[in-house]
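Below is one structure, written out as structure tokens; comments come after it.
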Amino acid sequence: MNALQFSVIFSDIVLTILIAWYFWFAPKAQTRVAVSASGAQEVAITVKGGYTPDVIIVQKGRPVRLTFTRQESSACSEKVLFPDFNQNASLPEGEQVTLEFTPEKSGEFGFQCQMGMLRGKLIVEEG
């Protein structure tokens, strides 16, 4: 193996590690939701190639009001599912859809599209 072959292989390995880190291990921005005057924890979520924000921190025992706005026509994003809370909503393109529930247990709970391609996380903390 000559120096050129070694450097190409080494570069490929480094690039593979960086790509894996970016997609699976890089820390994601978190949105801590404040309690509004109505007493609910409200957050607006944009659906366009993913959920923005996709990591949401709320308090246990307080109503959560998530308002989704779907800005794409992909069939995958037509529905959002919160399986741990037995909640879901259809998301028509360009319309705001509000999903409201009260988390009664703390922990990390995933949410996703109907195909599992778009994913997010709801972190419920003790109040």
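Each value in this text was obtained by applying a stated rule to the coordinates, not by laboratory testing. Just so you know, these numbers come straight off a predicted model, no measurement behind them. Don't worry about glycine lacking a Cβ; one is built from the backbone with ideal geometry, like all the others, and counts go over all protein chains shown.
Things to note:
- R0 of 30 Å, Cβ-Cβ distance E126-N86: FRET efficiency to nearest 0.05: 0.85
- Cut-off 16 Å, label 7 Å out along Cα→Cβ of Q30, residues of segment 90-127 by amide N: 106-111, 120-127
- Extension gain for A37 to L18 (0.36 nm times residue separation, less C-alpha to C-alpha distance): 2.5 nm.
- Taking the Kirkwood radius as Rh and the Cα radius of gyration as Rg, segment 31-125 has a ratio of Rg/Rh equal to 0.94.
- Nearest-20 debye value, the chain charge dipole, Cβ charges on Lys, Arg, Asp, Glu: 140 debye
- Only Cα pairs under 8 Å and 6+ residues apart enter the sum, and on that basis the relative contact order of the chain stands at 23 percent.
- Cα long-axis angle, helix 3-20 against the chain (0 to 90 degrees, to the nearest 10): 10 degrees
- The aspartates and glutamates within cross-link reach of K48, meaning a Cα-to-Cα straight distance under 14 Å and a gap of 8 or more places when in the same chain, are E72, E78, E93, E95.
- With a Förster radius of 30 Å applied to the C-beta separation of F101 and A75, the computed FRET efficiency comes to 0.75.
- Helix-only mean residue ellipticity at 222 nm for the chain, each DSSP H run of n ≥ 4 adding -39500 (n - 2.57), per residue, nearest 500: -5000 deg cm²/dmol
- Selected from T16, T67, T31 as most flexible by GNM, with the chain as the system and alpha-carbon contacts under 10 Å: T16
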